[in-house]
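Engineer: Following this message is one structure expressed as structure tokens.
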Amino acid sequence: MANKERKIERHQLLSYLAFGLVAMLLAYLIVAHTPLKRTIPGYPSRETQLAAIENYRKIDSLEKVIDLWAFQVANIQRVVTGREALPLDSMRLARVNTEVDAEDLARYEESDSLLRAQVERIDAEQQARPAPERIEALRNVPFKRPLKGTLGEGFRPGGSHAFVEVTAPSGTPFCAILDGIIVSADWNEREGCTLWMQHDGDLTSIYRQAGKLSRSVGEQVKAGTQLGVVGETGELSNAHILLELRYKNQPVDPTLYIDF
């Protein structure tokens, strides 16, 4: 009797265990394959999954950009050290090996140091160079603005750009900046129409690359008198004139005395 009762109890225990396992399996299947799984703490939502996919895509894109930058830096190092640059087609999909041997790195650092030293020297020279000052004798000279336009490239002392560029629509008239006499008025392929005026006080004004001149050599003109019109001539393609001002045959910056 006792053995029979123990068999019944064992059978009931196995039945409960089997029922529990089946219940757990059913619960797992229900939770794993239905929206109920999103109620589990820590389980990623659909938005989180989409954000993770987008972040992975961005990381992959950034890695490709970094690879391209590394390839370009490696090519710069090769060129600076006297080696031939690699074609872009040679860049692999994997990360580019940008390691440089000690000799190449030394040559690159030396070239970079020389370039930096040259840039610093030029910058120091420019900072040490005093700013142009107005000439006392020209402070009260009643200069006229030659035309209504826009200042382009400015005056550079000590170089080949001893004038200012004034751009304006083609056909805009330009005038004399002071009373004076026209001493030269001609045309050539390089400078277009060019006019020279001599003024009192050892002053000379020169108007280069004009489109057309309306005055002749020997004429006495007053300040503000039209001398010609702007046009697309000379070496530059935009309509303009180049105004040069000389005092005692030395170029001076017109913008120090004329309000453009």
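Engineer: Along the charge dipole of the stretch 144-256, Cβ charges K/R +1 and D/E -1, which of N238, G149, C193 sits furthest on the positive end?
Structural biologist: The residue sitting farthest along the positive end of the dipole is G149.
Engineer: Sort 168-175, 139-146 for me by packing, meaning the mean count of neighbouring Cβ atoms within 10 Å per residue, highest on top.
Structural biologist: Taking the mean over residues of other Cβ atoms within 10 Å, the ranking is 168-175, 139-146.
Engineer: Quick check: net charge around A176, other residues with Cβ under 12 Å of its Cβ, Lys/Arg +1 and Asp/Glu -1?
Structural biologist: +2
Engineer: Continuing with this model, one more query. Order 242-251, 206-215, 52-61 from most to least packed using the mean count of other Cβ atoms within 10 Å.
Structural biologist: 206-215, 242-251, 52-61
Engineer: Within 10 Å of each residue's Cβ, count the other Cβ atoms and sort S184, S205 from fewest upward.
Structural biologist: Lowest count first: S184, S205.
Engineer: Note down the nm distance, to one decimal, between modelled labels 7 Å out along Cα→Cβ at V73 and at K248.
Structural biologist: Label at V73, label at K248, 5.7 nm between them.
Rule-based calculations on the coordinates, nothing more; no lab input. The model shown is predicted, which means the values in this text are computed figures rather than measured ones. Neighbour counts run over all protein chains shown; Cβ positions are idealised from the backbone, glycine included.
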